[in-house]
Amino acid sequence: MVICSDPQRRLGAAAGQTVMPRPREFDETSALEAAVQCFWQHGFEATSLRDLTASMGLTAPSLYNAFGDKEKLFARALDQYLDRTTRGRLRRLEESLAPREALRCFFAEIVDHSIKDLQRKGCFLVNSALEVAPHHAKCRAVIAEQFGDIEAFFRRCISAGQADKTISRDVDATDAARLFLGVLLGVRVLARTNPDRGVLEGVVRPALALLNEPRRNRSKR
């Protein structure tokens with residue numbers, strides 16, 4: 001027996017026709033973007049179901065049917081944020097610039113974004129790592145994967161720079177990539193309290209200088 005609350009769907013079921021679910025009557029991308037902004041502004045714990053339904057323009061049942069519980073929605077929102085920000089940046093820089101220049105531009109863009117963040121909201125990914133990752137396994141997995149992708153980008157650029165002789169071969173690519181990931185996180189956190197260009201660039205500059213060929217090697221040329 002097929003139980004159906006929609007009269008038209010009941011008629012179809014009675015006639016032996018396949019009953020298709022109704023298409024969603026909202027734009028999923030726009031709804032997720034609204035969720036991003038809501039979580040980003042309030043944080044995961046402080047964001048209520050009422051906040052989410054109001055910002056996404058959905059009823060509570062529709063939200064749950066489309067995205068599941070709050071943790072699943074947060075993971076989807078974070079994934080969408082990463083698609084339109086960090087992941088796109090990594091692809092663009094790696095595909096369009098020489099390895100060492102890609103690293104320099106990456107950090108230059110991060111510093112610029114941090115300074116222009118007048119509301120001091122910080123980076124949604126880094127904020128999530130601090131607030132959400134310790135308590136929610138699904139979100140922690142998304143965050144850890146993205147940090148791994150960023151570290152891999154650094155490592156590829158360093159290795160490629162060593163191959164084209166713009167980065168010292170004395171540098172351990174794995175260690176340096178992990179250092180750069182730490183610098184990135186430090187810049188993003190520091191900028192929320194002190195978004196001063198000189199301070200942020202002063203954090204980045206010594207890390208990038210490690211890529212230089214040691215002076216003793218230069219003198220042998």
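Points worth noting:
- Selection count, the range 128-158, where residues are open to solvent by 60 Å² or more (accessible area, probe 1.4 Å) and assigned to a loop (DSSP other than H, G, I, E, B): 2
- Cβ-Cβ under 8 Å pairs, at least 6 apart or on other chains, the range 144-169 side β-branched (Val, Ile, Thr), far side open to solvent by 40 Å² or more (accessible area, probe 1.4 Å) and modelled with pLDDT of 95 or more: Thr166/Ala98; Thr166/Arg100; Ile167/Arg100
- The listed residues are Phe67, Phe106, and the only one of them that is at pLDDT 95 or above and either surrounded by 12 or more Cβ atoms within 10 Å (Cβ to Cβ) or more than 24 Å from Ala133 (Cβ to Cβ) (or both) turns out to be Phe106.
- Every condition in (1) open to solvent by 40 Å² or more (accessible area, probe 1.4 Å); (2) in contact with a helix residue (DSSP H, G or I) (Cβ under 7 Å, 6 or more places away or on another chain); (3) of a type outside the set (Lys, Arg) holds for Leu208 except the one numbered (1).
- Tally, over the range 179-193, of residues that are surrounded by fewer than 13 Cβ atoms within 10 Å (Cβ to Cβ) and either touching a helix residue (DSSP H, G or I) at 6+ places or on another chain (Cβ under 8 Å) or in a helix (DSSP H, G or I) (or both): 1
- Residue within the range 182-204 that is under 27 Å from Ala98 (Cα atoms) and of a type in the set (S, T, N, Q) present: no
- Residue pairs meeting the criteria (Cβ under 7 Å; at least 6 apart or on separate chains; first in contact (Cβ under 8 Å) with a residue 60 or more places away in the chain, in the range 170-189; second part of a helix (DSSP H, G or I) and of a type in the set (S, T, N, Q)): Val187/Ser114; Arg188/Ser114
The values are calculated or read from the model by the stated rules, or taken from the named source; none is laboratory data. These figures come from a predicted structure and were not determined experimentally. Heads up, the Cβs are rebuilt from the backbone with ideal geometry, glycines too, and the neighbour counts pull from every protein chain shown. The protein model used for the area step is the full one, side chains on, heavy atoms only, and it has no ligands, DNA or RNA in it. Shrake-Rupley method; radii C 1.70, N 1.55, O 1.52, S 1.80 Å.
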